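Reviewing the structure listed below.
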Amino acid sequence: MSTRSESPHERMQDSDGPGGRPAPDEAPKESGEGKQTAGLLHEAMRNKRILGIAIVAAIGGFLFGYDTGVIGGALLFIQKDLNLDKSQQQLAVSAILLGAIVGAIGAGWLADHFSRRRTKILAGCVYVIGAIACAVAQSYWELVAARFWLGLAVGTASFVAPMYIAELVPPRIRGGVVSFNQLMVTIGILLAYISDWAFAGVSNNWRWMFAVAAIPGAALAIGMFFMPYSPRWLVEQGRDDEAREVLSRLRSDEDDIDGEIAEIKDVTKQQASLGDLLKKAVRPMLIVGIGLAIFQQIVGINTVIYYSPTILKFAGQQNTGALTQSLFIGATNVVFTIVAIMLLDKLGRRFFLLFGTSCCFVALIGLGVFFHFPGVQSSANWLALACLLFYIFGFAIGLGPVFWLMISEIFPLNIRGPAMAVCTVFNWAFNFAIAYTFLTLVGAITKAGAFWLYAFFCLCALAFFWTMVPETKDRSLEEIEQELGASPQEAEREAEVARA
Ligand code: BGC
């Protein structure tokens, strides 16, 4: 896992770098997240090749969202067809996450050895086979195996897709890729809910819900076939001429291609390994990254994403009502992710983390109250949906985009790749832990108990964000690390000693 991608802060670090980028203490006003995402879209409109990359990028994030989200509605029907008990339902939901952990662990190695491009073609093929295998599964174990297989592609693509795109687009819009990817994940989830709703009345409904994901999977594999190798990968292979050729097709006059190649070489030389993450200087940032990864999951987001139709059925809805109401949840997620991306640079990451997670806390308390008091259920049966919507609003403007953004901002350049990989694996692992235990938890401590437990985790998250997480908006890497009590210079020195 020695691969890496870049973020807005690289521009701040490489103050004398090519392309006249800003010095570390210059506030990168023009390079904000929202502007960068808009910049990515603007660039895509201007340059057809960048448009191709953005579309392929979109498919990667989209499939992540679709394949994880589709189980929500499908579960209502699979459970009956295959006669699944609670623990079987949980594994049917979460097997994909086990696959994703394995996929994310192997992704860096594959991307380095076989290239990002070939890894993504492979992921596209795995997606297609997985979608079809889920659709034709005849038994519970066939379904679990197919979902695990699909997870391999989800984990691989969720890691390699943003990396590949960040390496291909011009440095000045690179930061926007992270948020663009998160937006596509939420759109994938929404479309999964739409497909759950649309196929609900058809025979073999859940099979169709899974099967349609083969189309974007095939589009990814075929699309990637026509995409170039990443210039960074080419340089790492000593194929500088090809890298220059790729860059000349993707850059405009204002970009300094030779400077970019020199920068890639520089970064490659300084690359740290996984072992360097254990060094003292890196520890404070790693604690923040891993803490964010874990809290993003244990506040219970994916019980809502994967089980919202089930929760709405608990609240008294029929299948159709539950699937229709889930559409509102999916749409709220998309809309407020867009709002967050646009405002993250104005109000800061910490504001959204604290405000968003406080909303999640209130919503979870409300859900607990709803399920705890039968009187509330009968007199205010709209409350469950209202709380779910408020919860998803809080997550979409907070932990959803901010976790992915921050792990691309807090680490020094030479350890960013392995550090982000470790955070991603933690994120998938805790995603699995929560998704795999939800129904058991409901059985053990009641529905209200489960939601209140997630609310308690929200409180812990708030305390962690308040005390440990630095603001990264408009700040240089050096400033961030000073606040964390870590020294990037020391981190680099330690890594150099280890390499020597
Ligand atoms: C999380 C996913 C979650 C999604 C919901 C992402 O940031 O990593 O686990 O399903 O947000 O929008």
For n ≥ 4 DSSP H runs only, could you compute -39500 (n - 2.57) per run for the chain, divide by its residues and tell me the 222 nm figure to the nearest 500? -26500 deg cm²/dmol
Would you mind ranking 257, 392 by Cβ crowding within 10 Å, fewest neighbours first? 257, 392
Could you calculate the FRET efficiency of residue 471 with residue 215 from 1/(1 + (r/R0)^6), where r is the beta carbon distance between them and R0 is 51 Å, rounded to 0.05? 0.75
Based on other C-beta atoms within 10 Å, arrange 253, 81 from fewest to most. 253, 81
Gain in length, residue 381 to residue 445, computed as 0.36 nm per residue apart minus the alpha-carbon separation, to one decimal in nm? 20.9 nm
Using only alpha carbon pairs under 8 Å that are at least six residues apart, calculate the relative contact order of the chain and give it in whole percent. 24 percent
Residue 327 and residue 287 label points (each 7 Å along its Cα→Cβ direction) are spaced in nm at 4.8 nm
For the residues 68, 37, what sequence is obtained by ranking on other C-beta atoms within 10 Å, fewest first? 37, 68
Within the chain: Cβ-based charge dipole about Cα centre, in debye rounded to nearest 20 (Lys, Arg +1; Asp, Glu -1): 1460 debye
Extension gain (nm, one decimal) between residue 459 and residue 198, 0.36 nm per residue minus Cα-Cα: 90.2 nm
How high is the relative contact order of the range 50-146? Use alpha-carbon pairs under 8 Å, at least six apart in sequence, and give a whole percent. 25 percent
Cα radius of gyration and Dmax for the chain (Å): 22.1, 72
Give me the Kirkwood hydrodynamic radius of the range 297-359, using the inverse of the mean 1/r over all pairs of distinct Cα atoms, in Å to one decimal. 13.2 Å
For the range 129-283, just list the percent of Cα-Cα distances falling in each 10 Å bin from zero outward, please. 9, 27, 28, 20, 13, 3
What is the spread of the Cα atoms of the range 109-219 along each of their three principal axes, largest first, in whole Å? 49, 29, 19
Remind me, what semi-axes does the range 272-500 give for its equivalent ellipsoid, largest first in whole Å, using sqrt of 5 times each Cα gyration tensor eigenvalue? 37, 17, 14
Give the cross-link partners of residue 473 among the lysines, using a straight C-alpha distance below 16 Å as the criterion and excluding same-chain residues fewer than 8 apart. 29, 35, 346
Can you give the extra length, in nm with one decimal, that the chain gains between residue 252 and residue 266 once fully stretched, where that is 0.36 nm per residue apart less the Cα-Cα distance? 2.8 nm
Using θ = phi - 60° and the Karplus relation 6.51 cos²θ - 1.76 cosθ + 1.60, list the HN-Hα couplings for the range 137-148 in order, rounded to whole Hz, with x at every Gly or Pro. 4, 9, 9, 4, 5, 5, 5, 4, 4, 5, 5, 4
Along the charge dipole of the chain, pointing to its positive end and built from +1/-1 on Cβ of Lys, Arg, Asp and Glu, which listed residue (460, 252, 70) has its Cα farthest out? 70
Rg/Rg_globular for the range 262-399, with Rg_globular taken as 2.2 N^0.38 Å and Rg from C-alpha atoms: 1.38
With a ≥ b ≥ c from the Cα gyration tensor eigenvalues, square-rooted, and the rule rounded for a/c under 1.5, otherwise prolate when a/b > b/c and oblate otherwise, the range 230-325 is oblate
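Throughout, read-outs are computed from the coordinates displayed, never taken from laboratory work. Note that the coordinates shown come from a computational prediction; the quantities given were computed from them, not determined experimentally. Methodologically, a virtual Cβ is constructed for each residue, glycine included, from the backbone with ideal geometry; neighbour enumeration extends over all protein chains shown.
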